[in-house]
Each structure stands twice: as C-alpha cells, then as structure tokens.
Amino acid sequence: MFACRQVGKSYRTERGVVNAVAGIDLDVPAGRFAAIIGRSGSGKSTLMAMIGGLSRPSAGTIEVGGTDVWRLSETALAAFRNEKIGYVFQFASLLPTLRLIDNVALPAMLGRRQSTAATYTRASGLLDRMGLGGYLDAYPSEISAGEQRRAAIARALINDPALLLADEPTSDLDEQTEIEIMDELLAVNRELGTTLVLVTHNLALAEQAEQIVHIANGAIVA
Ligand SMILES: Nc1ncnc2c1ncn2[C@@H]1O[C@H](COP(=O)(O)OP(=O)(O)OP(=O)(O)O)[C@@H](O)[C@H]1O
Ligand SMILES: [Mg+2]
C-alpha cells in the first residue's frame, strides 16, 4: 500500500535544526492494520503527515498505492489526498459552521464524483453507522468530543479511501468511548479492506495491530 524510503523531516527553528524524522524505511501492505507507537515528540505525527501528503519530506521518497506522492503537482496531490486518503486527527477538526452532514459530505462535494443527492445519502448512512443518525443537522459544538471524533471518521470514509490515517483518534476520550471508536476503525479495516495506520499511546490497542512500528527520536526502533 505504501512505502517510505529514507524519509526525513527537519524543521529550522530559532533553537536550531530539529530532526523530527530521520531516515525512516517502512512498508505497509494493502489491507493491513498497522500501529505506530512512541513517546511524545518522537515524530509520529510528522511521519503521518508526510505519508498523507500533507507535509513535504526534507529527504527520501514515499509511494502510496504505487504513486510517488511528493512528485505530484500541487493540484494532483490535492486530488490524490481527496480520493485515496482518509484522515482522523489528534484533535477535533470538524468545521464549526457546518452541520455534521455537511462536514461529512464536504470531501465528496470537493471531489465531485457523485451527485449531491448520492453524496448526502452516503454521508447520512456513514453518520448512522457511527451512531450519529439522530444528529445530521447538529453543529459540532452541539455534540460531545467522542461524537465529534466519530463524525470525523465518517468524514474520513466518505470517499471510500484506500488508506485511513488515524493520529490518536481517541486521545482525551474515556475508555468506553475509545473502545467504541476503535471498534469502528477496525470494522472499516476488516470489512472494507481499508489499510489502517493508527498512532496510539494505548499499547493494548497497538497489540491488536498486524504490524507495530515503534518510533523513537524520529527513527524506527527494531
Ligand atoms: N512545525 C514544527 N516546527 C518545529 N518543530 C516541530 C514542528 N512540528 C513538530 N516539531 C518537532 O518535531 C518533533 C516531532 O513532533 P511530532 O508532532 O511528530 O511528535 P509526535 O510523536 O506526534 O508527538 P505526540 O505524541 O506528542 O503527538 C518534536 O520534537 C516537535 O517539537
Ligand atoms: Mg502527534
């Protein structure tokens, strides 16, 4: 599904150069559930952002589904992200001025591969699946943090992505909600065959993965 070769990212700051990720080689086959673990500041989110086509590596190459992501033009990259990749971030990321149903439909409306009616039917089905069928017209501020995270998963799935990147999707949530959200992500991986990459601090969760990637100081620990 994707392959990282000698991927690195350094940031120039006032304190000097920070090597957030340094020389990562990583292969994750299609359909797999892979977990990324490591201490705070080890480079997990930076790596996810590069794989997801959101942050350009300072070194190395990343292929997703055979495409050399960082050789695409800006326009092609935007289309690629929209079509192939779903994201669930560490913090809430729904647009506050849109209803849940519009938030979920938005990535499909941008891609314009389906009619508006079909998109909204699909969006409502996904929200229903995430247990939010009664909240289609609610605004993000009117629902709980866990419900917002579930809506974000529905949004991530609207374009049926081949790759789902989840960066601590259950951070700050209670244990029961965490289990429910993880069950949804695992069901997507198993039932739809979506490749799932999950960053988590929960080792019990990580142990359910087929592949565990341990990162320390921007590098993979063997
Ligand atoms: N925009 C930036 N500018 C400068 N340094 C950055 C930037 N983003 C991240 N870093 C640094 O890169 C390193 C890796 O950060 P990253 O967010 O990838 O860590 P993480 O493993 O996701 O941590 P956490 O578990 O806390 O989310 C950290 O030392 C961080 O301070
Ligand atoms: Mg992070």
**Request:** Note down the magnitude of the dipole of segment 11-93 about its Cα centre, charges +1 on Lys and Arg C-beta and -1 on Asp and Glu C-beta and zero elsewhere, to the nearest 20 debye.
**Result:** 260 debye
**Complete:** Calculated from DSSP helices alone, with each H run of at least 4 adding -39500 (n - 2.57) and the total divided by the residues of the chain, [θ]222 nm to the nearest 500 comes to -11000 deg cm²/dmol
**Message:** Give me, ordered by chain and number, the residues 5 or more places off A216 or on other chains with an amide H under 5 Å from its own placed amide H.
**Reply:** V221
**Message:** I want to verify a result. In a Gaussian network model of the chain, Cα cutoff 10 Å, which of these has the top mean-square fluctuation: V21, V104, V188?
**Reply:** V188
**Request:** Would you work out which of V18, A34, L54 lies farthest towards the positive end of the dipole of segment 12-54? Charges go on Cβ: Lys and Arg +1, Asp and Glu -1.
**Result:** V18
**Part-to-part distance (alpha-carbon centres) for segment 147-222 and segment 115-134, which is given in Å** = 21 Å
**Request:** Starting with the highest mean, order 32-41, 71-80 by the number of other Cβ atoms within 10 Å, averaged over the residues of each peptide.
**Result:** 32-41, 71-80
**Hz values of 3J(HN,Hα) by residue in segment 123-140 - Karplus curve (6.51, -1.76, 1.60), Gly and Pro given as x** = 4, 5, x, 5, 5, 4, 4, 7, x, 10, x, x, 10, 4, 8, 6, 9, x
**Karplus (6.51, -1.76, 1.60) ³J(HN,Hα), θ = phi - 60°, over segment 69-75, in Hz, Gly and Pro reported as x** = 3, 8, 9, 6, 5, 3, 5
**Message:** Amide H of A138 versus every other amide H placed in the peptide plane: which residues, excluding those fewer than 5 positions away on the same chain, fall under 5 Å?
**Reply:** L100, I101
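Roughly what % antiparallel, to the nearest 5, for the DSSP beta bridges in the chain?
50 percent
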**Asked** With point charges of +1 on the Cβ of Lys and Arg and -1 on the Cβ of Asp and Glu, referenced to the Cα centre of the chain, which listed residue (T119, V64, A187) lies farthest in the positive direction of the dipole?
**Response** V64
**Asked** What is the order of Y87, Y11, Y135, fewest Cβ neighbours within 10 Å to most?
**Response** Y11, Y135, Y87
**Message:** Treating only the Cβ of Lys, Arg, Asp and Glu as charged (+1, +1, -1, -1), what charge dipole size does the chain show about its Cα centre? Round to the nearest 20 debye.
**Reply:** 860 debye
**Request:** Go through A162, Y135, T177 and say which Cα lies farthest out towards the positive end of the charge dipole of segment 104-201; charges sit on Cβ, +1 for Lys and Arg, -1 for Asp and Glu.
**Result:** A162
**Request:** Can you give me the three principal axis dimensions of segment 116-222 from its C-alpha atoms, in Å, biggest first?
**Result:** 49, 28, 22
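Each reported figure results from applying straightforward, stated rules to the coordinates on display, with no laboratory input. Please read all numbers here as calculations on a predicted model, not as lab measurements. Cβ sites come from the backbone with ideal geometry, for glycine too, and all protein chains shown count toward neighbours.
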